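For reference, the structure is listed below as structure tokens.
Every number here is computed from the coordinates shown, using simple stated rules; none is lab data. These numbers come from a predicted model, not from an experiment.
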Amino acid sequence: MRQQLANRRYAETFEFDHDNVPFTVTYGRNVRDQIKEVFINGGKIGSGLEVMINDAATLISLALQFGVTPRELLKSMRRDPNGKLASPIGLILSDMVKNDA
């Protein structure tokens, strides 16, 4: 069952670059201080990258609200031949794992 979030909730925002593209990420937390939603902006407005990153944020948020943990999502992310996370989504999920209650 999907966890309904309060209308007003704590949020935190940070920025980072991946492959010379700036990203802005905002996490929303529930009353138990767990990350339950994410908003991601990156790429030029209207670009394919922006659309994909926004859609990914929506899917991650829904998964979190249905009880999937950031760690479970992170396990499925693609890595490069050296084992480094290959996408900004993987980096965001890694950060979530470090910062989730």
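By how many degrees, between 0 and 90 and to the nearest 10, does the Cα long axis of helix 88-99 differ from the longest principal axis of the chain?
Here the helix axis deviates by roughly 40 degrees.
At a Cα cut-off below 20 Å, give the aspartates and glutamates reachable from residue 84, other chains included and same-chain residues fewer than 8 away excluded.
Leaving aside aspartates and glutamates fewer than 8 places away in the same chain, those within reach of residue 84 are 15, 17, 19, 72, 95.
Tell me whether segment 11-99 comes out rounded, prolate or oblate; compute the Cα gyration tensor, take square roots of the eigenvalues as a ≥ b ≥ c, and use a/c under 1.5 as the rounded threshold.
oblate
Rounded to whole Å and sorted largest first, what semi-axes of the equivalent ellipsoid does the C-alpha gyration tensor of segment 2-43 yield via the square root of 5 times each eigenvalue? List each step's numbers first, then the result.
On the way: eigenvalues 123, 16, 12 Å².
In descending order the semi-axes read 25, 9, 8 Å.
Length gain on complete extension for the stretch residue 54 to residue 18, per 0.36 nm per residue less the alpha carbon to alpha carbon distance?
Details: separation 36, 0.36 × 36 = 12.96 nm, distance 1.57 nm.
Value of the extension gain: 11.4 nm.
Using alpha-carbon pairs under 8 Å, 6+ residues apart, how would you state the relative contact order of the chain in percent? Could you put the intermediate results ahead of the total?
On the way: 142 pairs, mean separation 22.5, N = 101.
This gives 22 percent for the chain.
In degrees between 0 and 90, to the nearest 10, how far off the longest principal axis of the chain does helix 48-65 point, with axes built from Cα atoms?
30
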